[in-house]
Amino acid sequence: MGKITLSIYRRDPAVDAEGKFVDYEVPTEDGMVVLDAVKYVETNIDPTLSLRWNCKAGKCGSCSAEINYKPSLMCKTKIDTLGDHIRVAPMGAFPLIKDLVTDVSANWDLLKKIPIFTPRKDEPKPWIIAQIDIERSKEFKTCIECFLCQDVCHVVREHSGSGYFGPRHIVKAASADMHPLDTIDRSEFLDASAGLGYCNITKCCTEVCPEGIHITDNAIIPEKERAVNAFYDPISIIVRSRRKKKEAKNNGKQ
Amino acid sequence: MTEKYIDYETDVLIIGAGGAGLRAAIAAYDSGVRVTVVSKSLLGKAHTVMAEGGIAASLGNLDKQDNWEVHFNDTVVEGVYISNWRMAELLAREAPDRVYELEEYGALFDRTPEGKISQRAFGAHTYRRLCHVGDRTGLELIKTLEDQVLHRDVKFFDELYITKLLKNGDKVIGAVGLKLNSGEFYVFRAKAVIVATGGCGRIYKITSNSWESTGDGLGLAFNAGAELMDMEMIQFHPTGMVYPPGVRGLLVTEGVRGDGGILLNSEGERFMLRYSPKKKDLDARDIVARANYAEIMAGRGTPHGGVYLDITHKGADYIKTKLPSMYAQFKDFAGVDITKEKMEVAPTVHYQMGGIKVDPDTTRTNVNGLFAAGEVASGLHGGNRLGGNSLADILVFGRRSGLGASDYSKNATFQEPSKTDIENEIARVKSFMKQDARNPYEIIEELSQNMSDNVGIIRTETNLQKALITILELKGAASSVGVRGDLKYNKGLLACLEIPNMLIAAEAIVRGALTRKESRGAHARSDFPKKDPKLKKNIIYKRMGDEMKLELRDVPEMPENLKKLVDPEEY
Ligand SMILES: Cc1cc2nc3c(=O)[nH]c(=O)nc-3n(C[C@H](O)[C@H](O)[C@H](O)COP(=O)(O)OP(=O)(O)OC[C@H]3O[C@@H](n4cnc5c(N)ncnc54)[C@H](O)[C@@H]3O)c2cc1C
Ligand code: SF4
Ligand code: SF4
Ligand code: FES
């Protein structure tokens, strides 16, 4: 059994003008993750330390933090990959509540604005859907709402006035858009209201996603392309409007 | 001194935002009342998010012979004949509709080659019955419901911890809570309250449960006069991870066995052939968990004190598509590639079958204005829960509780809570803010170690008595805990507030286990190894003054038409 030094960011904005990093010495165990170490501090050294976690299994997305400057899940980051001095800070893109806990509630306000999954009304029930048709949407459904992608996105971080919803929300919209029975095209909404145009495809979000979702390639770029086609390409506008008319006619027949 | 708090009014207050709470919110809102949901963690993060294997519903998509009657029989038989027949009937009949409805809300289930919802085999289900989304069914369920709730005008307070239910005479009329991020107190005035706070697995040391599962709802309801039932029935899941130490207890889904995984001891023997020649690795959880335990105790365990679970023979492609999150879990946390190596597993505390006693159709409790649904409610699972029946439970009875509470609230009026009650409660919460108090985590550590050591998978009179003494001592010590800092986002304070609830759960489990002098379902006593016909009863727990009183009550008699569907009980 060895030991590590854990530097944890401490600040209560109501009391402290500035935050500071406090060092704690923590004994290590085989297979230990950063969350184990932080919880060691909480239970044995200072119970007033504020942190957020829930499942300790990489499934709930509660324990997001910046570990050695990289947005990561505390419960999925192994100690032995990091050396014996580890720095844990809260996510910088969100207002601080206390210590490692940030206010991520704005994300749910954005989710409320994304048009909800709206299935075809006349589809015979129970629905028949081929496995292959669910695959695209399925990738996005693995999102655990850890908001690490939001944290790393420089548009969200540095241009809060841009109105850009951020990668998590494009993934959410894409998951509904790519549902085989959905009837709404959200790309127009993403372009006009969610600031998708601000994303310049740096792929930082994709790099930090603990679920390995190809956020940029599979969600952002296709949604951008759809929006561009819909808005700016005269030929596809004609094709789309014809297709919609045809669909409407077919639906009418059923 | 008058305490400051924020006053809030709603028709239906739902405590808990797991699957049960969120489904209840949708039902209540759609029936036309004002709905407020509170949860102690963030929206979408509740324990339900961890569920893996699937939702049990007899769609008959793979096995045409399946129908609600078979599901009903499986549920009653594996519950060892003490579950409530009406709840089992409602579950079996309504689960398919709830699954289709979830699909129409946007959930995308895996498909059969014909494009229907795919169903996998699970322990003690006669047919392949579990509708699933890979091995992340809980995530899909909760995100789908979250989206529906967000797009309705449901008021949501997350990271708000309810500390007490408020009463007027014999009625529940609201609740007091602490908002963690601001440290402010809230008083909710409500016509009806639904408790949907999940289980109490965290009172054990080795558990698959998330941090939320501290038995809060049991404590809240019990203190408000509600009856609890069959608390001794704690489910040990046969396969928790055993190594490394930090992930001890983390669940390995039954889907692994459902999809062909087999259990082996250190001698390479497929020992389930000995314990259960017919159902083998896919027998009910109580049987497989005890078999694993027996093998480990007999010295045929693995180096880290488990048994082996092997699915390598299925091939890498199959494993990665059917069990993607198990593959990742072992790779990330244990450094084990389950397509090439065997997993090491041992029993882990997983689910409470007991809980608040409810009326099957409306989920109302014996206290007016108080309803309960999900893992915190009891009756459906009896002595043993079938895998997949919990996600079905939270959808079926979550919806029913939303409707039940909404109906009730339409005929109820708001009542003014007593100022003294509110002030006393706020003062109680604040009393934990003190210097030089006992660290709450010490008590939790002692309690959970005590439960794991003495109230485990095999119980004896001696161990149970020992456990009870420790619990009563800890009850005495519970008021001496405290923390520094202030009310805002103070997890240590939260621990102080959870302890009394954890102790109520623990005391009930132990007292029930002492009373049930037989072995039935999840409850096994080495000093009473047989099932006793005289104890085909439910155990009821009630608060009398400061005491917990127990009573044996007959299991409600099944009507003839249902009796015909069920294999008769054998002794
Ligand atoms: C790893 C794992 C895998 C599982 N797999 C399956 C499966 O495949 N199939 C299946 O059927 N079941 C499965 N289960 C069981 C199932 O997930 C749970 O039984 C079910 O999700 C419980 O749901 P619930 O809505 O009752 O409560 P929970 O999801 O536990 O939600 C409880 C809610 O109450 C809130 N709360 C608690 N106390 C308070 C308080 N004092 N104040 C305010 N809010 C409070 C919490 O914040 C939370 O929102 C699994 C469980 C685990 C742990
Ligand atoms: S790719 Fe777009 S969304 Fe992702 S980090 Fe870069 S700018 Fe942000
Ligand atoms: S897309 Fe990935 S990084 Fe972003 S919130 Fe979802 S899981 Fe987290
Ligand atoms: S605690 Fe759930 S993801 Fe880390």
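The values are calculated or read from the model by the stated rules, or taken from the named source; none is laboratory data. Only a predicted model underlies this, so the values are computations on that prediction, with no experimental measurement involved. Cβ atoms come from the backbone with ideal geometry, glycine included; neighbour counts cover every protein chain shown. Protein only, heavy atoms only, side chains kept; ligands, DNA and RNA dropped before computing areas. Shrake-Rupley method; radii C 1.70, N 1.55, O 1.52, S 1.80 Å.
Just order B:328-335, B:515-522, B:377-384 by mean Cβ neighbour count inside 10 Å, highest at the front, would you?
Packing proxy ranking, top to bottom: B:377-384, B:515-522, B:328-335.
Can you list the trypsin sites (Lys or Arg not before Pro) in the range B:30-125 that are in a DSSP coil and have 11 or fewer other beta carbons within 10 angstrom?
Of the trypsin sites (Lys or Arg not before Pro), the ones in loops of the range B:30-125 whose Cβ has at most 11 other Cβ atoms within 10 Å are B:LYS64.
Ignoring solvent entirely, what values of log10 I(q)/I(0) come out of the Debye formula for the range B:267-412 at 0.13 Å⁻¹ when each Cα is a single scatterer?
Results for the range B:267-412 at q = 0.13 Å⁻¹ read -0.77.
Averaged over its residues, how many other protein chain Cβ atoms are within 10 Å of peptide B:155-165's Cβ atoms?
Per residue, the number of nearby Cβ atoms from other chains is 1 on average.
On full extension of the chain, what length is gained from B:LYS279 through B:ASP532, given 0.36 nm per residue of separation minus the C-alpha to C-alpha distance?
The span from B:LYS279 to B:ASP532 would gain 88.7 nm if fully extended.
Dipole of the protein assembly as shown (Lys/Arg Cβ +1, Asp/Glu Cβ -1, origin at the Cα centre): which of B:ALA289, B:ALA506, B:PHE122 lies farthest to the positive side?
My answer, from the dipole projection, is B:PHE122.
Averaged across A:96-109, how many Cβ atoms of other chains sit within 10 Å of each residue's Cβ atom?
Working: counts 0, 6, 8, 2, 1, 6, 1, 2, 2, 6, 0, 3, 8, 1.
The mean count of partner-chain Cβ atoms within 10 Å per residue comes to 3.
Report the calculated FRET efficiency for B:ARG428 and A:GLU225 (r = Cβ-Cβ distance, R0 = 51 Å), to the nearest 0.05.
Calculated value: 0.30.
Say the dipole of the range A:22-70 comes from +1 at the beta carbon of Lys and Arg and -1 at that of Asp and Glu; which of A:TRP53, A:PRO27, A:VAL41 then lies farthest toward its positive end?
About the Cα centre, the residue reaching furthest to the positive side is A:TRP53.
Counting only other chains, and only Cβ atoms inside 10 Å, what mean value do you get across the residues of B:47-59?
Mean shielding count: 2.
Label 7 Å along Cα→Cβ of B:LYS542; the range B:344-375 residues with amide nitrogen under 13 Å?
Inside the label zone: B:366-367.
Roughly how large is the B-A contact in terms of buried accessible area, totalled over both chains, probe 1.4 Å, nearest 100 Å²?
Its buried surface, counting both partners, is about 5000 Å².
Which residues does the label zone of B:GLU560 cover in the range B:64-85, counting backbone N under 20 Å from a point 7 Å along Cα→Cβ?
Under cut-off, by backbone N: B:85.
Quote the relative contact order of chain A in percent (integer), defining contacts as alpha-carbon pairs under 8 Å separated by 6+ residues.
Details: 388 pairs, mean separation 39.4, N = 254.
Relative contact order for chain A comes out at 16 percent.
For B:GLU104, project a label point 7 Å along Cα to C-beta. Then give me every residue of the range B:392-411 with its amide nitrogen under 11 Å of that point.
Counting only backbone N, you get no residues.
Summing Lys, Arg as +1 and Asp, Glu as -1, what charge do residues with Cβ under 12 Å from the Cβ of B:ILE539 carry, B:ILE539 excluded?
+4
Can you tell me the relative contact order of the range B:93-237? Whole percent, Cα pairs under 8 Å, sequence separation 6 or more.
Once normalised by length, the contact order is 12 percent.
Separation between the B:THR420 and B:ARG553 pseudo-spin-labels, each 7 Å from Cα along Cα→Cβ, expressed in nm?
Placing both labels 7 Å along Cα→Cβ, they lie 3.1 nm apart.
Given a 1.4 Å probe and the protein chains all in place, what does the accessible area of B:ILE509 round to, in Å² to the nearest 10?
For B:ILE509, the solvent-accessible surface is approximately 0 Å².
Where the centre of each part is set by its Cα atoms, how far does the range B:492-571 sit from the range B:102-157, in angstrom?
One Cα centre to the other: 31 Å.
For the range A:162-203, what is the charge dipole size about the Cα centre, in debye to the nearest 20, if Lys and Arg each add +1 at the Cβ and Asp and Glu each add -1 at the Cβ?
Around 280 debye, computed over the range A:162-203.
Determine the sum of side-chain charges near A:PRO71: Lys and Arg each +1, Asp and Glu each -1, restricted to other residues whose C-beta is under 10 angstrom from that of A:PRO71.
Every neighbour counted, the sum reads -2.
Binning at 10 Å from 0, report for the range B:195-347 what percent of all alpha-carbon pair distances ends up in each bin.
11, 37, 32, 15, 5, 0
Just the accessible area for B:THR339, please: 1.4 Å probe, Å², rounded to the nearest 10?
20 Å²
Can you compute the charge dipole magnitude of chain B about its Cα centre, using +1 on each Lys and Arg Cβ and -1 on each Asp and Glu Cβ, nothing else charged? Give it in debye, rounded to the nearest 20. Walk me through the numbers before you get to the answer.
Numbers: 75 positive and 78 negative charges, 96 e Å.
For chain B, the charge dipole is close to 460 debye.
What is the magnitude of the charge dipole of the range B:398-473 about its Cα centre, with +1 placed on the Cβ of each Lys and Arg, -1 on the Cβ of each Asp and Glu, and no other charges, expressed in debye to the nearest 20?
Its charge dipole is roughly 360 debye.
Accessible area, 1.4 Å probe, largest first: how do B:TYR308, B:TYR29, B:TYR186 sort?
Largest accessible area first, the residues go B:TYR29, B:TYR308, B:TYR186.
Compute the relative contact order of the range B:235-381 as a whole-number percentage, counting only Cα pairs closer than 8 Å that sit 6 or more residues apart in sequence.
28 percent
Please compare each pair in A:LYS203/B:LYS143; A:LYS113/B:LYS45; B:LYS116/B:LYS155; B:LYS64/B:LYS564; B:LYS167/B:LYS549 to a cut-off of 28 Å on the Cα-Cα distance and tell me which ones are over it.
Working: A:LYS203/B:LYS143 25 Å; A:LYS113/B:LYS45 20 Å; B:LYS116/B:LYS155 36 Å; B:LYS64/B:LYS564 21 Å; B:LYS167/B:LYS549 21 Å.
Table pairs above 28 Å Cα-Cα are B:LYS116/B:LYS155.
Taking loop as defined by DSSP and a crowding limit of 12 other beta carbons within 10 Å, which trypsin sites (Lys or Arg not before Pro) in the range B:197-279 fit?
In loop regions of the range B:197-279 (DSSP not H, G, I, E or B), the sparsely surrounded trypsin sites (Lys or Arg not before Pro) are B:LYS278.
Specify which residue in the list A:ALA89, B:PHE330, B:PRO245 is farthest towards the positive end of the charge dipole of the protein assembly as shown, using unit charges on the beta carbon of Lys, Arg (+1) and Asp, Glu (-1), about the Cα centre.
B:PHE330
Run down the lysines and flag those whose C-alpha is under 21 Å from the C-alpha of B:LYS342, throwing out any fewer than 8 positions away in its chain.
Reachable lysines: B:LYS280, B:LYS314, B:LYS320, B:LYS322, B:LYS331.
Can you give me the Cα centroid spacing of the range B:204-228 and the range B:462-490 in angstrom?
Measuring centre to centre over Cα atoms gives 15 Å.
With a probe of 1.4 Å, find how much accessible area chain A has per residue, and write the answer as a whole number in Å². Mind dumping the intermediate values first?
Numbers: 11550 Å² over 254 residues.
Per residue, chain A has an accessible area of 45 Å².
A:VAL171: net charge of surrounding residues, Cβ under 11 Å, Lys/Arg +1, Asp/Glu -1, itself excluded?
Taking every other residue near A:VAL171 into account, the sum is -2.
Loop-only check: which trypsin sites (Lys or Arg not before Pro) in the range A:101-167 are DSSP coil with at most 12 other Cβ within 10 angstrom?
Details: sites: A:LYS112, A:LYS113, A:ARG120, A:LYS121, A:ARG136, A:LYS138, A:LYS141, A:ARG157; in loops: A:ARG120, A:LYS121.
Sites meeting the loop and neighbour criteria: A:LYS121.
Measure nothing but the geometry: give the 0 to 90° angle between the long axis through the Cα atoms of B:85-104 and the longest principal axis through the Cα atoms of chain B, rounded to 10°.
Approximately 90 degrees, to the nearest 10.
Would you mind getting the accessible area per residue of the range B:40-171, heavy atoms of the protein chains only, 1.4 Å probe, in Å²?
Numbers: 3460 Å² over 132 residues.
Accessible area per residue: 26 Å².
Shape call for the protein assembly as shown from the C-alpha gyration tensor, a ≥ b ≥ c root eigenvalues: rounded (a/c under 1.5), prolate (a/b greater than b/c) or oblate? Can you show the working numbers first?
On the way: a/c = 1.29, a/b = 1.15, b/c = 1.13.
It is rounded, given that a/c, with a ≥ b ≥ c, falls under 1.5.
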